[in-house]
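Shown next, in structure tokens, is the structure this report addresses.
Values in this text are rule-based calculations from the coordinates and carry no lab data. Note that this is a predicted model, so its numbers are computed, not measured. So basically every Cβ, Gly included, is an ideal-geometry build from the backbone, and we count neighbours across all protein chains shown.
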Amino acid sequence: MMRRMRFLHPVVVAATLVAGSVLVVSLAAQSGSASPGVAPAGWKVPRTADGKPDLQGVWGNNSVTPMTRPTQWKDKSSLTDAEIEDLKKMATQYVDQGGDAIFGNFVQMMLNAKDQGAFKQTSYDPTTGNYNQFWMADREWDTRTSLITDPPDGQFPPLTPEAVARRAEAANVRAARGRGPSDGPEDRPLSERCISYGAPRTSANYNSYMQIIQSPTTTVLLQEMIHDARLVAMTPGTHLPVRIRQLHGDPRGRWEGDSLVVESTNFINGFQGSTPDVKLTERYTRVSPDYINWEITVEDPKTWSEPYTFMIRLKKATGMIYEYACHEGNYAMEGILAGARAEEAKARGVKPRE
């Protein structure tokens, strides 16, 4: 299994070695404010030298709020402070900090555990094991029950019949091309090959930091994960011709009041299961000294029956983004491909070479 690691600052490493142990903070204590993003009285949005809202710095996406509303909260758009405290107590009861990392819908897992009276913290990769919970960043809590704000039910819109058929056919496409999932390195996912997790990356809690750098003509959105940097042109202009496609699309920016608006088209692979013809509209609005509301609207009539919008609260981070130490192939690629050849030999009744 590939281990993707952030390099720690030397002072942090030294302090850890001197202490001889790592203090693991309980998930229940990783609270933050239950109502983040409220500006203090009299606060004004800071400005850059050219008068635009200053969004610069490193911002973290570590919220526990799930993308879609959990089934147990079907008719709830927000929680009370008491319900938040109940969630934290469940985390204390069920989550083992030394156990496998929790990459899935943390809130849904806690609610299911409450209903079932048990929580099984097992790896998504039971063969080789998983990262442990130590690798996950501190979590942020707020009262929302889903990131999706539109549709109002907190769920993705229905897929179009075209999308349903396309997804059903996807498994046959590779076979039609005469390729297996591990015939060569190019058949493995881009993330596994340490090329890209896609942009914008919206997953929380693991290397989920973004640095924003501004100039009058360009805004840079630097993702920590695989150090993808999107250069957003802030000058008037149109998107690239539709025949020119890019892995992270063609982002163009503008200001609408105090919100930075980034519109991206011309993708190669799309976003969250869309077609490459998807249009993303991101809005970055600094609502307090410590928070940016990052709102994303996804439009792809070939995939969803209507657009949908979700909002992530980015929290100001005090540290820097360090190198994401992952390189193409890593140590795993040889084993992945060798394992595939061994399975093929076994299927043919041939004993694989030692």
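The alpha-carbon atoms of region 173-217 define a convex hull whose volume equals 144 cubic angstrom per residue. Cα centroids of region 192-254 and region 281-354: how far apart, whole angstrom? About 14 Å separates the Cα centre of region 192-254 from the one of region 281-354. For region 144-156, 3J(HN,Hα) computed residue by residue from phi via the Karplus equation (6.51, -1.76, 1.60; θ = phi - 60°) reads 6, 9, 7, 6, 5, 9, 8, x, x, 6, x, 10, 5 Hz, glycine and proline entered as x. Taking amide H as placed 1.01 Å from N in the peptide plane, the amide H of Thr218 sits under 5 Å from that of Met234, each at least 5 places away or on another chain.
For Trp304, Trp255, the sequence from fewest to most other C-beta atoms within 10 Å is Trp255, Trp304. Loop-resident GluC sites (Glu not before Pro) (DSSP state other than H, G, I, E or B) in region 231-340 with no more than 11 further Cβ atoms inside 10 Å of their Cβ: Glu323, Glu328. Amide hydrogen proximity for Gly198: with H placed 1.01 Å from N in the peptide plane, no residue at 5 or more positions away or on another chain lies under 5 Å. How long are the three semi-axes of the equivalent ellipsoid for region 260-310, computed from the Cα gyration tensor as the root of 5 times each eigenvalue, in whole Å, largest first? Semi-axes from the Cα gyration tensor: 24, 11, 8 Å. Where the alpha-carbon atoms of region 258-354 are placed on the principal axes, they occupy 65, 41, 19 Å, in descending order. A simple rule links phi to the HN-Hα coupling: the Karplus curve 6.51 cos²θ - 1.76 cosθ + 1.60 with θ = phi - 60°, which for region 266-280 gives 6, 6, 8, 10, x, 8, 6, x, 7, 8, x, 8, 5, 10, 10 Hz, with x for Gly and Pro. In this rough spin-label picture, where each label sits 7 Å from Cα along the Cβ direction, the Asp138-Asp75 distance is 3.8 nm.
Just to be sure I understand: of the beta bridges DSSP finds with both ends in region 209-354, what percent are antiparallel, rounded to 5? About 95 percent, rounded to the nearest 5. Derived scalar couplings between HN and Hα for region 41-51 equal 4, x, 6, 10, 4, x, 10, 7, 4, 9, x Hz in order, rounded to whole Hz, by the Karplus curve 6.51 cos²θ - 1.76 cosθ + 1.60 (θ = phi - 60°), x for Gly and Pro.
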